[in-house]
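FYI, it's all coordinate maths here, none of it is from the lab. Every value quoted in this text rests on a predicted model; they were computed, and no experiment measured them. Cβ atoms come from the backbone with ideal geometry, glycine included; neighbour counts cover every protein chain shown.
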Amino acid sequence: MFKQAEHPPYLQGIYYLLFVLLGFRLMRTLLAPWLGADLAFAFRSDNFFSFSGGQIRRGLIGEVLLSLQKLGLPSVLIYSLLLILLFSFIYLWVFPRLLRPFRPLEIILILVSGFFLMPSVDRELLMILPALYFFLRRKQDWGFYGLIALSAFIHELSLLLYFPFIWSLFKELLQTKKWTHLVPLLAIAISYASVILIKGSMSLDPELNYWPQFGISGLEDRFLYTFAGKGIVATLKLHASVFLGDPQAWMALPGMISYFVILLLLLRRFGASPMVICYFLAINLLLFVLTIDYGRYYYFLFLFYLLLTQSGMLVSAEKALQSFRFLMPAFVSKILSFPFSHRAFSIALLIFALAPFGYWIGDTLAQPALWQELEQLVDFKLPKYAGE
């Protein structure tokens, strides 16, 4: 837990209290079907995407759910429990250790914001597995790269997060001629190529003929299923129409802007070079263009960057991205070499903690994350996204 020499004991009390509050709400949500709610499942419907119609992006979880259910196991319950157990391990053992370098005020602001009080836990938590593996073992070995390859079938955007480490392995192969590196590289290349380039037919046979036997019907009509068939241009048009046409979407701007400031300062705090800062700011910007459920991603991204900066992964990213430093204008490099400021970091955290918060921009509420958690404690209601 926290080192007492570094932080006052009351922080432990605040941490555990908020964890219990958050964990209680998470269990009531994910386990809603087994607690009397009129739902067959409480996570996002795209978890049921499977490989039944060929290669479908993010199809691994759905295929596992399908396979376990055919073996006679309650796969939906098992998956819900897996998410709760993984969340509990990370936030009871790993996350407190990642907070040790921060000041007490900074920790409190992190804990009462959407970096800790997240609106949901879903498949994005599994995208953290490669970084978590490295944090625990301090090795970029075959296990690390195997998890990166596997994460392609959880969410294709993980390629952006882990690209510097893939590139690092490729550079090492060219420099040392260690041909054993080809094995993980080929696994990663095949995984992401199949996800990005090969388009399955999405036959919907399990959705139409199998899952309804277990009370899970109408999956094919849900928004996330229709969304999966949209091209990149149609997706961007949809996101633009939501952002420009929904007044609630504009309330998400303070949180979004302060998040980018926090990310910039966090990377500078741990000595990231301008090249690394530019890269990770750019992929976050791309992620927020391609998706509009920012509230869902804040906690996951913050956790990833804490692991990046405190596990040794940052050193590897620095070495890998130096290959692209010729793309960095000198004036940008000079600007991004500013000294870290605790005051600026605390102010940005305060703005983020008080900013309107929501699962996605079209459902942004005027209340900050902490207020919403307290409301849920007094009058629990299943969120709109549950079983969507």
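Tabulated results
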item: Theoretical ellipticity at 222 nm over the chain - DSSP helices of four or more residues, -39500 (n - 2.57) apiece, nearest 500; result: -18000 deg cm²/dmol
item: Additional length obtainable on full extension of the chain from residue 315 to residue 214, 0.36 nm per residue less Cα span; result: 31.5 nm
item: Cα-projected label distance for residue 325 with residue 172, points at 7 Å along beta-carbon direction, nm; result: 2.1
item: Approximate spin-label separation residue 31-residue 103, in nm, with each point projected 7 Å along Cα-to-Cβ; result: 4.0
item: Cα lying deepest toward the dipole's positive end in region 123-201, options 125, 193, 168, charges on Cβ; result: 168
item: Environment charge at residue 341 (Cβ cut-off 14 Å; Lys +1, Arg +1, Asp -1, Glu -1); result: +3
item: Cα centre as origin, Lys/Arg/Asp/Glu Cβ charges: the chain dipole, Debye; result: 1380
item: Inter-label distance, nm, simple model (7 Å from Cα along the C-beta direction), residue 21/residue 350; result: 2.0
item: Added length on full extension, which subtracts the Cα-Cα distance from 0.36 nm per residue, residue 261 to residue 335; result: 25.3 nm
item: Extension gain from residue 378 to residue 227, taking 0.36 nm per residue of separation minus the Cα-Cα distance; result: 50.9 nm
item: Gyration tensor verdict on region 123-201 (Cα atoms; rounded if a/c is under 1.5, prolate if a/b is larger than b/c, oblate otherwise); result: oblate
item: Pair-distance profile P(r), taking every C-alpha pair of region 1-127, with 5 angstrom steps and integer %; result: 2, 9, 18, 19, 15, 12, 10, 8, 5, 2, 1, 0
item: The chain: DSSP helices with Cα axial extent of at least 20 Å and average Kyte-Doolittle hydropathy no lower than 0.0; result: 10-30, 75-89, 158-176, 182-197, 253-269, 274-290, 294-310
